[in-house]
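Trainee: This is the structure I have questions about; it appears just below.
Here, each number is a calculation from the coordinates, and none is a lab measurement. Model, not experiment: these values are computed from the prediction. Note that we place each Cβ from the backbone using ideal geometry, even for glycine, and neighbour counts take in every protein chain shown.
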Amino acid sequence: MDMKRSYYEDVQLFTSGVVVFWFVALLLFLGLLPFLFKNYYVYVANYMAINVIVALGLNLLVGYTGQISLGHAGFFAIGAYGTVILMTLLRCPFLLALLAAALIAALFGFFLGLPALRLEGPYLAIATLGFGLTITQVIGRSEFFGGRQGLHTPELWVGPWHLTTDRDFYYLLIPITVMLTVAARNLIKTRVGRAFIAIREADIAAATMGVNLVFYKTLAFAVSAFYAGVGGGLYAFVLRFIEPEIFTLLMSIMFLAMVIVGGIGSIMGSIVGACLLSWMDLQLRNILSIPYLGDWLETLSQSYFSITGVSNIQYIVFGLILILIMLFEPLGILGIWLRTKRYWKTWPF
Amino acid sequence: MLDFLQMLVSGVAVGSSYALVGLAMVIIYKTSEVPNFAQGEMALISSFFTFMLLEQCGFPYYAAFPLALLFAVLLGFFLEFTVLRRAKDPNILGMIAITIGIEMILLGLVSWKFGADPKTLPFPISPYDSIALGEVFISALEALTVGVALVIMLILFIFFRFSKLGVAMKATQQNDTAARLMGIRTNRILMFTWGVSSLVGCVAGLLISPITMQPYMMWDPLLKGFAAAVMGGMTSLPGAVLGAYLLGIIENLFGGYVSIEFKSVVAFAIIVLVLCIKPSGLFARHYVKKV
């Protein structure tokens with residue numbers, strides 16, 4: 001890591017002009033993306049952006065505070081159902097409904113954080129996992145939430161602006177994503193963020209230094225759940241239809257995988273990990289149409305496996321990625337990047 | 001009253017399969033502190049291997065079941081040797097990630113090979129025969145599950161108490177360095193641990209698959225078994241068994257008297273409650289971190 005010489009150097013958003021340049025370039029690219037690419041890629045970008053939001057929130061909890069959550073699909077579901085129900089029943093405007101649903105998710109996060117105060121390791125894993133499953137069950141079984149039939153999302157109006165296509169939605173989604181990213185980045189540079197990191201490194205030591213564990217651990221859960229709630233509320237409008245079967249344990253695992261693959265405890269890592277895995281997820285859903293590889297897999301499936309189960313290859317791929325990352329580069333893509341950077345900085349030594 | 005007894009008996013029967021999975025998880029967690037999320041899929045792939053032997057290769061029962069158990073042990077060895085041993089400086093999150101990775105690979109392999117349509121494993125006794133115990137009925141398969149679970153618990157107890165390998169496993173768990181100084185090859189011990197655990201899990205899988213076989217069949221037993229193990233304290237074998245029976249019974253009573261719809265999630269509510277009161281489970285000494 002680069003050395004920081006003063007407090008202001010540590011908290012500033014852009015460390016140099018180069019960073020400002022690339023940031024502006026990225027914003028420009030994001031703004032022009034719908035004009036440069038086909039409609040399908042706009043959909044892909046929406047999907048990625050939502051995963052980025054959730055991965056950021058999860059990373060605040062897992063990477064920065066050092067807790068474990070296998071239940072983020074639960075918060076995601078609360079966000080999605082909350083937004084849709086607030087809009088249909090109470091006629092809330094979209095942004096207000098989204099915010100309210102995310103706050104409800106945050107409240108659930110706070111409540112989940114309470115038992116988490118005394119739990120760690122596998123105990124925390126099973127508690128959060130149980131939470132996620134419970135949410136899905138409750139939603140799937142009660143008529144109020146549409147039961148197994150699911151819910152259709154209402155027409156999307158933001159003020160006078162009627163959003164109908166993926167492209168319209170993209171221009172709503174990207175500013176929210178950028179805002180939440182900057183917010184996450186700023187949060188960890190404040191007192192709160194430093195408290196999170198202190199808890200991750202050694203919670204007893206942090207408590208001795210005056211970090212209020214009850215407050216900050218529950219806050220970490222609440223903030224993380226808020227991000228997942230926002231992601232869920234937006235996701236409902238990408239799919240235009242939600243049902244309980246979407247929010248499975250596998251989804252929680254995918255969120256965790258995004259954080260781990262991107263790099264634990266890094267904003268940039270979450271973004272890269274979320275983009276990479278969601279892109280792969282979409283690609284691998286119709287694996288047989290991938291050029292060259294698809295034909296080969298088809299013959300392989302026909303002779304040794306079954307052609308009906310071919311889409312399950314994506315599990316194998318994600319499992320392999322998780323294992324390889326953990327075995328060879330526990331810091332994920334961020335670790336690879338840091339190593340490459342260090343290598344070229346000191347080259348030829 | 002009769003209803004109550006019937007629910008109790010079914011609860012014990014369900015609890016037995018949770019107990020087997022819970023035991024398998026505890027065996028691994030005890031020695032290496034890995035919460036093994038792949039346990040269910042390890043049992044799954046062993047069960048489907050048996051299915052393949054019986055259905056597609058035409059093996060008789062007496063050959064297929066021992067082969068399946070052997071396969072399970074070798075699978076455990078293989079996973080420990082190729083994956084777990086290679087992890088450098090793992091923390092708990094890393095371990096969870098690795099075992100989830102294994103789980104996804106095994107799940108993917110099984111569903112790629114066999115597709116998602118449900119099958120049933122041919123089994124010597126029909127799962128729909130039932131035995132009357134007074135006025136309470138229990139299916140033959142459930143009775144077998146209870147019996148097998150009890151036998152396995154007994155064997156495990158004897159194994160950990162009296163066999164050289166079992167004692168070595170306990171030593172490795174208590175103090176890795178001291179065990180190595182006493183001449184125990186702890187690496188090999190860990191490998192055997194995975195083998196034994198995989199074997200116990202495979203038995204659970206084989207007892208579940210005569211009813212229905214599909215790639216997701218082990219998720220519920222795995223999560224409940226895990227929950228039972230956590231409730232029992234994650235390091236205590238009797239704790240896991242008791243936790244499993246408690247969960248099975250409570251689940252059935254809840255399903256009978258309160259609401260059948262939320263039967264499958266009540267286990268997790270209980271877990272969270274238990275953990276709030278006793279953070280290290282019911283039967284483990286509370287572990288206090290030294291600074």
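Trainee: In Å, the Kirkwood hydrodynamic radius of segment A:297-349 over pairs of distinct alpha carbons? Please report the intermediate quantities before stating the final value.
Mentor: On the way: mean 1/r = 0.0725 Å⁻¹.
Computed over Cα pairs of segment A:297-349, the Kirkwood hydrodynamic radius comes out at 13.8 Å.
Trainee: Give me a comma-separated list of calculated 3J(HN,Hα) values for segment A:133-141, in order, Karplus coefficients 6.51, -1.76, 1.60 applied at θ = phi - 60°, integers in Hz, x for any Gly or Pro.
Mentor: Couplings: 5, 4, 4, 4, 5, 4, 5, x, 9 Hz.
Trainee: Compute from the Cα atoms of segment A:222-291 the Rg and the Dmax, the latter being the longest Cα-Cα distance, and quote both in angstrom.
Mentor: Radius of gyration, then largest Cα-Cα span, for segment A:222-291: 13.4, 44 Å.
Trainee: List A:Cys92, B:Cys276 from most exposed to least, where exposure is judged by having the fewest other Cβ atoms within 10 Å.
Mentor: Final ranking by Cβ density, sparse to dense: B:Cys276, A:Cys92.
Trainee: How much length, in nm to one decimal, is gained on full extension between A:Ser311 and A:Arg167, taken as 0.36 nm per residue of separation minus their Cα-Cα distance? Walk me through the numbers on the way to the answer.
Mentor: Working: separation 144, 0.36 × 144 = 51.84 nm, distance 2.84 nm.
Once the chain is fully extended between A:Ser311 and A:Arg167, it gains 49.0 nm.
Trainee: Rounded to the nearest Å, what's the spacing between the alpha carbon centres of segment A:137-153 and segment A:207-257? Just the number, please.
Mentor: So the separation of the two Cα centres works out to 20 Å.
Trainee: Run the reach check for A:Lys38 against aspartates and glutamates, Cα to Cα strictly under 16 Å, same-chain hits fewer than 8 apart removed. What comes back?
Mentor: Reachable aspartates and glutamates: A:Asp166, A:Asp168.
Trainee: In whole Hz and in residue order, list the ³J(HN,Hα) couplings for segment B:207-212 that follow from phi through the Karplus curve 6.51 cos²θ - 1.76 cosθ + 1.60, θ = phi - 60°; x for Gly and Pro.
Mentor: Each residue's phi maps through the Karplus curve to give 7, 8, 5, x, 7, 8 Hz.
Trainee: For each pair in B:Lys30/B:Lys278; A:Lys189/B:Lys224; A:Lys189/A:Lys345; B:Lys30/B:Lys164, compute the distance between the two Cα atoms and list the pairs where it is over 29 Å.
Mentor: Too far apart for the 29 Å limit: A:Lys189/B:Lys224.
Trainee: Also, I was wondering about something else. Mind checking segment A:111-170 for GluC sites (Glu not before Pro) that DSSP puts in a loop (not H, G, I, E or B) and that have at most 13 other Cβ atoms within 10 Å?
Mentor: A:Glu155
Trainee: Straight distance only, please: which aspartates and glutamates reach the Cα of B:Lys88 with their own Cα at less than 13 Å, same-chain residues fewer than 8 apart left out?
Mentor: A:Glu329
Trainee: Still on this structure: Would you kindly work out the equivalent ellipsoid of chain A from its C-alpha gyration tensor and give its semi-axes, the square roots of five times the eigenvalues, largest first in whole Å?
Mentor: That gives 30, 27, 23 Å for the three semi-axes.
Trainee: Sticking with this structure for a sec: Going by how many other Cβ atoms sit within 10 Å of their own, how do A:Thr15, A:Thr177 line up, fewest first?
Mentor: Going from least to most buried by this count: A:Thr15, A:Thr177.
Trainee: For chain B, what does -39500 (n - 2.57) per DSSP helix run (n ≥ 4), summed and divided by total residues, give at 222 nm, in deg cm²/dmol to the nearest 500?
Mentor: Using -39500 (n - 2.57) per qualifying helix, the result is -23500 deg cm²/dmol.
Trainee: Given q = 0.05, 0.06, 0.10, 0.12 Å⁻¹, what are the Debye log10 I(q)/I(0) values for the protein assembly as shown, with equal point scatterers placed on the Cα positions and solvent ignored?
Mentor: Results for the protein assembly as shown at q = 0.05, 0.06, 0.10, 0.12 Å⁻¹ read -0.24, -0.34, -0.97, -1.38.
Trainee: Could you tell me the calculated FRET efficiency between B:Arg180 and B:Phe77, based on Cβ-Cβ distance and R0 = 25 angstrom, to the nearest 0.05? It would help to have the intermediate numbers written out before the result.
Mentor: Numbers: r = 20 Å, r/R0 = 0.80.
Efficiency, from the Cβ-Cβ distance: 0.80.
Trainee: Can you give the FRET efficiency for B:Lys170 and A:Phe215, using 1/(1 + (r/R0)^6), R0 = 45 Å, r = Cβ-Cβ distance, to the nearest 0.05? Each step should come with its number before you reach the end.
Mentor: Numbers: r = 41 Å, r/R0 = 0.91.
Result of the calculation: an efficiency of 0.65.
Trainee: Can you list residues from other chains, or at least 5 along the same chain, whose modelled amide H is less than 5 Å from the amide H of A:Phe241?
Mentor: A:Thr153
Trainee: Measure off 7 Å from each Cα along the Cα-to-Cβ vector at A:Ser303 and A:Leu27, then give the distance between these two points in nanometres to one decimal.
Mentor: 5.6 nm
Trainee: Here's a follow-up. Mind sorting A:His162, A:His72, A:His152 by how few other Cβ atoms lie within 10 Å of their own Cβ, fewest first?
Mentor: Going from least to most buried by this count: A:His162, A:His152, A:His72.
Trainee: Ok, one more. Give the cross-link partners of B:Lys119 among the aspartates and glutamates, using a straight C-alpha distance below 15 Å as the criterion and excluding same-chain residues fewer than 8 apart.
Mentor: Those aspartates and glutamates meeting the cut-off are B:Glu55.
Trainee: Relative to the present Cα-Cα distance, how much length would full extension add between A:Leu239 and A:Leu95 at 0.36 nm per residue of separation?
Mentor: On the way: separation 144, 0.36 × 144 = 51.84 nm, distance 1.75 nm.
Roughly 50.1 nm would be gained on extension.
Trainee: Once the Cα atoms of segment B:84-207 are picked out, what are the Rg and Dmax in Å?
Mentor: 19.6, 58
Trainee: Show that you can apply the helix-only estimate: for chain A, add -39,500 (n - 2.57) for every DSSP H stretch of four or more residues, divide by all residues, and state [θ] at 222 nm to the nearest 500.
Mentor: On the way: 15 runs with 248 residues, N = 349.
Helix-only estimate at 222 nm: -23500 deg cm²/dmol.
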